[in-house]
Structure formats: C-alpha cells, structure tokens
Amino acid sequence: METRLSLGTWPTPVEPAPRLAMALGLGPDDLVVKRDDLTGLGGGGNKVRKLEYTVGAAVADGADTLVTTGAPQSNHARLTAAAAARAGLNAILVFPGEPEPAIGNLVLDALFGARIVWAGDVDHDGLAGTAAEIADSRPGNVLIPFGGSSPAGALGYVDAGRELRGQVPDLDTVVVALGSGGTTAGLVAALGPRAVLAVHTGALADPLPVVTGLLDGLPVARPIRAEELRLRLDQVGPGYATQTDAVAEAMLLAARTEGIVLDPVYTGRALAGLVAAVADGTVRPGARTVFLHTGGLPGLFGHPQALARAADGGLA
Ligand SMILES: *Cc1c(COP(=O)(O)O)cnc(C)c1O
C-alpha cells in the first residue's frame, strides 16, 4: 500500500562538479552531484524520501508514536524524529550501548523532542528485538524499520531514480553509499543494475542478500539477479564507524574542489569508492557519472576522530 506523506522539497538539484571531476581524472563535464543532502526536512539527507512512505503508512494506520533504531549517530533516527515532529507524532529512538554525550545527530534528536532508549550491550538482532518489544507495548506505536529500508521505504528511491533519469537522461553510473540497502535497491529498481555502483559502508554484515531481498518487494521491469548488482566492498576498512584514510582524503577533495561537505561514514566512503573506481577503470572519462550526495553532515559533528582530522586540515 502506498500512502505517501509530503515531507521533503522535490526535486533536489543536480549540480556540475568540474573541479572535482578533473581532480578524479575525469573530464570536467563527466561528473554531476545529485544533492539529496538538500531534501529539506530536519537537516536533510536520503532518509527523507523513505520516510515519506513509511511515516505515511504509519499515519494511515492511526499511529501516534514512531519507534526506530540505528547507531547513536544514525541520520535515519534523527530524520525519523524530525518527521515525527512534522507529522505531530512522538518518536522513540532505540540505540545500543549506554547513554553517550549529546554530539552530532544526538543533539538534533533531542531538539526534535525524541525520547531515547539506550538498549545496553546488544548486537544488531538484540537491538531490533528491543525496538520490536517497545513497538508492540502499546497500540499507537509503529516500528519504522532499521534505516527505513523496507520495500515501502525503498519506493522513495524508486521515485528518486526516475527523478534523476529526467534530470540526467544520459546517466551512465550513479555512485551511492550502501548502508541499510534501501537507497541502492530503489535506484536499481528504477535505473537497472548496471547503472548503480553501491559502496558498502559496513552498516550491514552482508549487504547482497539484503538488497536482493528488498528488490523482491519492488516494482522492476524484469527480475534482477544478485550477480548483476555492482557493489564495492573495499571501502569498509576497520569498520562502519571508523574513518579510513581514503575517506579523509575524499572529504578534503570534495571540500576543496567544490565546497561540498561529506560525512566520514557514508558519503566520504562513496567518494572514496568513486576514486577507486576511476583508478581501476570501472568508471571512465567520457561517460556521465552521478555522485549521489545522501547527506550526513550532522554525523561529522558526532565523529570526534573525523572532526579532529578536519580541523587539522585533514593531515592528523
Ligand atoms: C543511511 C544513509 C546512507 C545509506 O542509505 P541506505 O538506504 O541505508 O543504504 C547513505 N548516506 C547517508 C548520509 C545516510 O544517512
């Protein structure tokens, strides 16, 4: 069922990035940036497109409280809190671990009035279980899935793929960070598997079955086989929350060539993946490449290691 709630500002812009393109070894007109960091609500980012569907369904079901999970610096949790405020609902955010100092996204969660539940020492499944228990504890609660990545949420990126095709008709490859998988799945459904280069961030243990599972629930022109998906698994480094050297360099590059801020977990990894893809010939000059900026700026201010490095001119 599709019950979409209007939360964002559409379409998001597509901007040329000639200086970044040339720094990467592409022609000046080969690269454009799709600004899904500018989606409008709550500091912006890709999760707004998914929340239009998942919160729309929750409102249609008569919910008064949205419950969701993620890492403490989750952009999805922050935007769920903002969407709840916009829709006149409450938000409960369930995070692993013990209470942490309010930095980055946690500051905004508090500003939007979300209630935070610290779930203690739990793994991914344990966290999901705690969130499900809270969601089931009273009838007005609705669980918004991890990262907003259900087939319903991914419909937001089917829309985005169509929007992008209209803006960039000669699109060859769109490069995107892969977290919970819904953004990649929606884009693949809209644009086909060859057009989407997804850079794994380490948010999931194994992204391939998650993306194919989401695709099973999406409208596709023809069935898509797992082998057709283009995933880069080489940018995770020591793990999801760690800023790698390649990411620190990619953040400097975007900032100093185009005045664009990337985050240390998602968009920095996506650009580091694009750098690697140009180096190994997967992305070539003369083809139109789109870098999808999915947001995440508050996460930079919630990442002490990346902040210290940025403040030192990236050299620390
Ligand atoms: C969540 C997120 C992603 C990844 O999107 P998924 O749909 O979870 O794969 C990319 N960039 C940013 C900034 C995000 O917050």
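The values are calculated or read from the model by the stated rules, or taken from the named source; none is laboratory data. In this text the structure is predicted, and so the values were computed from the model without any measurement. Virtual Cβ from ideal backbone geometry, glycine too; neighbours counted across all protein chains shown. These area figures cover heavy atoms from the full protein model, side chains too; ligands, DNA and RNA do not enter into them. Shrake-Rupley method; radii C 1.70, N 1.55, O 1.52, S 1.80 Å.
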*asked:* Over the Cα atoms, compute the radius of gyration (one decimal) and Dmax (the largest Cα-Cα distance, rounded to a whole number) for segment 47-148, in Å.
replied: 12.3, 35
*Using a 1.4 Å probe, what is the accessible area per residue for segment 1-66, in Å²?*
39
*Evaluated at q = 0.12 Å⁻¹: base-10 log I(q)/I(0), Debye formula over Cα of the chain*: -0.75
*How large is the accessible surface per residue of segment 115-258, computed with a 1.4 Å probe and reported in Å² as a whole number?*
43
*With label points built 7 Å along Cα→Cβ from the Cα atoms of D172 and R19, find their separation and express it in nm.*
2.4
*Counting pairs of alpha carbon atoms under 8 Å apart in space and at least six apart in sequence, what relative contact order in percent does the chain give?*
20
*Scattering from the C-alpha atoms of segment 206-285 alone, worked out with Debye: what is log10 I(q)/I(0) at q = 0.11, 0.16, 0.20, 0.27 1/Å?*
-0.39, -0.74, -0.95, -1.19
_Probe 1.4 Å - accessible area at T184, Å² to nearest ten_ = 0
*Can you give the helix-only mean residue ellipticity at 222 nm for the chain, where every DSSP H stretch with n ≥ 4 adds -39500 (n - 2.57) and the sum goes over all residues, rounded to the nearest 500 deg cm²/dmol?*
-12500 deg cm²/dmol
*Accessible area of the chain belonging to carbon and sulfur atoms, whole % at 1.4 Å probe*: 56
